[in-house]
Structures are given as C-alpha cells and as structure tokens.
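In what follows, a single structure is set out as structure tokens and then discussed.
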Amino acid sequence: MVSTAAEIAASVRAGDLDPVQVTKEALDRIAAADGVVGAFRRVRAEEALAEAASVAGRPDLASLPLAGVPVAIKDVTEIAGEYASHGSLAGPSSLAGEDGVIAARLRAAGAVLVGLTRVPELCVWPMSDTPDGIARNPWDPTYASGGSSGGSAAAVAAGLVPLAHGTDGMGSVRLPAAMCGLVGLKPGADVLAEGGWFGMSVHGPLATTVADAALLVSVLASDPALAVVSPPPASRIGMSTTVPLLHTPVPRELVAAVSQAAGLLASAGHSVSPSAPRYPATMVLGMTARWCAGPARQAAGFDFGRLQRRTRTHVRVGRLIERMGLIRSRTRDRWISRASEFFESHDVLMTPTLSHWPVKAGRWHERRWLTNVLPSTRLAGFTGQWNLAGYPAITVPVGRSVRSGLPTSVQLVARPGGESLLLGLAAQLESANPWPRTSRSN
C-alpha cells in the first residue's frame with residue numbers, strides 16, 4: 001500500500017525517508033502499471049530523480065509541507081523544460097522557460113513532479129484518451145477513468161502516486177474522482193481560478209484521503225490554513241438526487257449513496273432534509289455556452305486542421321456562440337442569485353456526483369462530436385452549474401456498486417469560502433465509512 005502524502009512528507013521531514021528512494025518507488029510503480037492504466041502522457045523519470053535529490057539537500061527540508069511527495073501534474077500546466085499539450089497534437093510544443101504558478105508552488109512546497117497526466121483534447125470531455133493512449137479506471141480497466149483530469153485520477157487510484165493536480169471547468173476534478181473512488185475538491189472561483197472557460201475553470205486536488213486533499217489544496221492556493229481539517233459545526237444540509245432541470249433518471253446505486261451519506265451525517269449531528277435550489281432554466285444554457293466557447297478561444301493558438309474531428313465541431317459551435325453574444329453575465333448572475341437564496345437557509349447541498357455510470361474506455365477521440373456530447377451530458381448533470389456559480393464543491397467516496405464494482409460517491413457544495421466546511425464534512429464521512437484508498441487495496 002502506498003503511504004499517504006501526509007505520511008511521506010512527515011517521514012521525509014523527520015529524516016526517516018529519502019526523497020530519492022520515494023521517487024524511485026513511484027517510478028517503479030508507474031513503469032509496472034501504466035501500460036495498462038494509461039495515466040501519463042509523459043513520465044519525467046530522470047528529471048524527477050534529480051528534483052528528489054535537490055529536495056533532500058534543501059536547508060528548509062524540515063518545514064516543507066510536501067517534502068519528497070511524488071505528485072502527478074495535469075497536462076495543462078507550465079513546467080520548466082516541458083510543454084503542456086492539452087491532450088492535442090495540434091498545439092505549440094515549445095518548452096516552457098520557467099514554471100507556471102502551480103508548478104512553482106508545488107516545487108516550493110517540496111513536491112517532486114513525476115509526470116504529466118493524460119487529458120482529452122482541450123480538456124473538453126469526461127473521458128481521457130488521446131492517439132497514444134487511454135486513461136482507464138483502475139477499478140475496472142474496461143471503463144474510462146473520467147475527464148478531463150482522468151489521467152490524474154487514474155494515477156492516484158492505481159496507487160502510482162499519492163497525489164495529483166487537476167483542473168475543473170464542468171466537473172473535471174469531481175467526475176474522475178467519483179469514477180475512481182477518490183476525494184476531489186473544486187475550490188471556489190475566488191481561491192484557485194485560472195480564468196479559463198470564462199472563469200469556470202479552477203485548479204484542485206485528487207487524493208485518496210481528505211487530509212491529503214486538504215494538504216494539496218493548501219499548497220496550490222498558497223493558504224496553509226486550508227491544510228487544517230477541523231470538525232465542522234452542526235450544519236443544515238439539503239439533499240437532492242434529481243438532475244437539475246433535465247430530471248433524467250439517476251441509477252439506483254448512485255441515489256442510494258446519497259441516502260447512506262445522509263444517514264452518516266445525520267448521526268454526526270447535522271440536519272439533513274430533502275431540498276434543492278430553484279434552478280433557473282437559463283442556467284444550463286449559460287454553462288453550456290461557456291463549455292463550448294471557452295475551448296474555442298483556447299484553440300486560437302492551435303492548428304485547426306490538426307484538431308480531432310469532435311474538437312473541430314466543438315470549436316465551431318463555440319465560435320458561433322461567442323459571435324452571437326450568448327456569453328452573458330446576467331445568466332450567471334441570475335443563477336448565483338438563486339444559489340444564494342438556497343444557501344440562506346442551508347449550509348450545504350448534497351447530491352450524487354455522477355448522474356450516470358462512466359462510459360467504457362475507448363478511442364472516443366476518433367468519434368463524432370454528438371457521439372461524445374450525449375454520454376458526456378448524461379453523466380455530468382450535477383457538476384457544471386457550480387462552476388458557473390463559482391461555488392466550492394467536493395466529491396467523497398461512499399461505497400462500491402454491487403453490480404459493476406465501480407465506486408459510488410456524493411458531492412457536497414457550499415457557499416463561497418466554504419472549502420474548510422466541505423473538508424470537515426468529508427472527513428466525518430471518511431471516519432464513519434472508510435473507503436479502500438486505491439484499487440491495489442481492493
């Protein structure tokens with residue numbers, strides 16, 4: 001069993017573990033398993049060993065929050081000497097001269113960047129396959145690991161690394177975390193927004209424990225207070241298993257996970273009752289317009305003719321949406337007003353994370369746009385609206401499907417500034433209902 005990030009860092013700080021040996025072991029696990037899992041687009045073997053040796057010699061080693069911890073990075077991040085492909089063969093491949101903010105914060109905290117994880121082209125889809133590989137669900141490799149942080153989720157769930165970085169524009173941290181049985185936190189837009197997708201995209205952690213998720217988000221956000229997971233106050237929790245506006249059927253075991261979590265939280269002293277926000281009809285249009293137009297803007301720096309067929313259609317739709325002026329602030333404002341109304345009488349909303357089971361793993365990038373859109377929208381009914389609102393949300397594992405063996409989970413949402421509350425509630429669920437940390441512990 002791979003140690004947690006918190007355990008590794010504590011042992012390295014105490015001098016009981018050598019960062020180079022920790023990194024070698026992670027690289028050995030990747031070499032042994034990633035041929036099946038497909039989590040990485042690039043493994044930085046030599047560079048990571050050199051970084052680990054550098055960490056071991058740092059004079060501030062005893063104070064580093066991620067001392068010697070191997071971390072996987074989503075392939076959208078600027079790392080000195082690397083290029084971020086964004087899952088595409090059509091983009092620029094010039095090497096970055098220096099670290100971006102995320103890589104710089106991770107290095108400053110003592111993390112070792114072992115590799116760049118697989119993403120779908122321009123991070124549009126909840127399945128992460130590219131011409132050179134498919135990110136698979138470690139619990140059952142016939143299923144996709146999700147997306148767009150699917151490679152990151154696969155790497156952690158397979159026990160290759162204890163922590164991974166992801167980004168979330170419509171659920172891209174929470175969806176793969178749910179599919180792979182992980183904790184996945186989407187911080188509020190005021191904490192880790194990167195400005196992408198018209199403000200909907202944020203950075204977040206994928207981890208096997210709540211403490212590790214808190215540790216990583218504290219480093220990504222440069223806010224040490226987020227690393228402290230405290231017991232939450234008694235909270236008013238609204239519970240809903242109905243897909244907003246669309247009311248499409250949700251599989252029974254995904255609904256049952258919410259009921260199970262509700263019972264656990266009620267036993268912990270929280271008030272749980274059926275309730276949901278008054279979702280405005282324009283909400284779906286607002287987030288969908290940004291989901292199309294955001295990648296279309298990014299594609300301006302790519303060779304359009306070399307984009308995948310599904311991506312070219314997505315970009316055309318996005319450009320049309322922007323030309324028509326359909327990215328409207330009042331759409332977001334109306335939804336935030338409704339969300340604020342709900343959180344006047346509730347502290348948290350609890351829903352399933354997935355509105356349907358994951359799709360099978362495959363070469364989705366070779367299929368038509370609609371063939372990708374339909375299953376994508378079918379399983380992401382509970383997530384994207386919170387990107388549009390900019391509210392924090394966390395995915396927490398609950399159990400396993402009796403039928404498929406895949407993980408089940410819940411999503412908890414709080415008002416802006418509620419990251420610590422979400423982490424505290426997630427820790428209570430973890431304590432009352434421990435989950436297997438990785439597929440290796442199955």
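Brief remarks on what is shown
- Here the spin labels are modelled as points 7 Å beyond Cα on the Cα-Cβ line, and at residue 273 and residue 297 they lie 4.1 nm apart.
- Relative contact order of the range 43-94, defined on C-alpha pairs under 8 angstrom at six or more residues apart (%): 18 percent
- Packing-based ranking of 148-155, 373-380, 262-269 yields 148-155, 373-380, 262-269, ordered from highest to lowest mean Cβ neighbour count within 10 Å.
- Our note on the geometry: Cα centres of the range 1-72 and the range 319-360, 37 Å apart.
- Take the Cα of residue 403, step 7 Å toward its Cβ, do the same at residue 83, and the gap between the two points is 4.5 nm.
- A probe of 1.4 angstrom, applied to the heavy atoms of all protein chains, finds residue 78 with accessible area near 110 square angstrom.
- Between 347, 28, 168, the residue with the greatest mean-square fluctuation in the GNM of the chain (Cα pairs under 10 Å linked by springs) is 28.
- Solvent exposure, largest accessible area first (probe 1.4 Å, DNA, RNA and ligands not counted), of 165, 346: 346, 165
- For the chain, the relative contact order is 18 percent, taking Cα pairs closer than 8 Å that sit 6 or more residues apart in sequence and dividing their mean separation by the residue count.
- Residue order by solvent-accessible surface for 74, 24 is 24, 74, largest first, with ligands and nucleic acids left out and a 1.4 Å probe.
- R0 of 25 Å, Cβ-Cβ distance residue 240-residue 334: FRET efficiency to nearest 0.05: 0.80
- 222 nm mean residue ellipticity, helices alone, for the chain (DSSP H n ≥ 4; -39,500 (n - 2.57); rounded to 500): -12000 deg cm²/dmol
- Using a probe of 1.4 Å on the protein chains alone, the accessible area found for residue 360 is around 110 Å².
- Taking a point 7 Å from the Cα of residue 142 along the Cα-to-Cβ direction, none of the residues of the range 240-256 has its backbone N closer than 11 Å to it.
- Candidate cross-link partners of residue 74 among the lysines, defined by an alpha-carbon separation under 16 Å and a same-chain spacing of 8 or more, comprise 186.
- Scalar couplings 3J(HN,Hα) for the range 161-166, obtained by applying the Karplus form with A = 6.51, B = -1.76, C = 1.60 to θ = phi - 60°, are 9, x, 9, 8, 8, x Hz; x denotes Gly and Pro.
- Residues residue 223 and residue 18, FRET efficiency given R0 of 41 Å [Cβ-Cβ distance, rounded to 0.05]: 0.90
- Of the DSSP H helices in the chain, those with a Cα length along their own long axis of 18 Å or more and a mean Kyte-Doolittle hydropathy reaching -0.5 comprise 19-37, 252-267, 282-298, 419-432.
- Note on residue 3 and residue 306: with the Förster distance fixed at 41 Å, the Cβ-Cβ geometry gives a FRET efficiency of about 0.45.
- Computed over the range 220-277: relative contact order in percent, which uses C-alpha pairs under 8 Å that are six or more apart: 45 percent
- Expressed to the nearest 5 percent, the antiparallel share of DSSP beta bridges inside the chain is 65 percent.
The values are calculated or read from the model by the stated rules, or taken from the named source; none is laboratory data. Just so you know, these numbers come straight off a predicted model, no measurement behind them. Backbone-built Cβ (ideal geometry, glycine too); neighbour counts: all protein chains shown. Ligands, DNA and RNA are excluded from the accessible area calculation, which covers all protein heavy atoms including side chains. Shrake-Rupley method; radii C 1.70, N 1.55, O 1.52, S 1.80 Å.
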